[in-house]
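Structure record follows, encoded as structure tokens.
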Amino acid sequence: EISFDDPRAARLAASSMRKRHGGVSVLESGGQEGSFPSMTEMGEDEESPEEKAQKAMESLPPEESGSGTCRIGVRLPDGMRIQRRFPTNMPVSVLKTWCISENLDAAAGKPFVLMRAEPGSLPLDDWSRSIDESGVANCMLQMRWHE
């Protein structure tokens, strides 16, 4: 069950009402007469970005505190900041999944990189290393679109 007291859930719910149709963002009106067709009605079998974001969110480990955990923040490309706790022994790939759950463009497949939010930082490239081994535990990261 999604609580709309959670800002992330409210943001995902609001953005899930938007669809891209002919390059124009439109609101779905719930299948009422005269509404735009849903992605399924348009014959697209692939999951929508909203569905991918929801699946990514559901695949994240539970957020816990205590020893063996760290807090990580990410500045998204739109300037918004998110933060969450993760076990330090989790692979860095969980951070990529988290970003996909938070950003519909990323969920739609737009390529991005994650790097420490410090001048001269290089993108993370070994997704199998743990958060601790990668040196990103308790850090602020930056998500950038890959060009």
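The values are calculated or read from the model by the stated rules, or taken from the named source; none is laboratory data. Quick caveat: nothing in here was measured; it's all calculated off a predicted structure. Glycine gets a Cβ as well: all are built from the backbone with ideal geometry, and neighbour counts include every protein chain shown. SASA here: full protein model, heavy atoms, side chains in, ligands and nucleic acids out. Shrake-Rupley method; radii C 1.70, N 1.55, O 1.52, S 1.80 Å.
When Arg75, Arg85 are screened for being out of contact with any helix residue (DSSP H, G or I) (no Cβ under 8 Å at 6 or more places or on another chain) and in contact (Cβ under 8 Å) with a residue 24 or more places away in the chain, only Arg75 passes. The numbered conditions (1) at pLDDT below 95; (2) open to solvent by 70 Å² or more (accessible area, probe 1.4 Å) are all true for Glu28 except (2).
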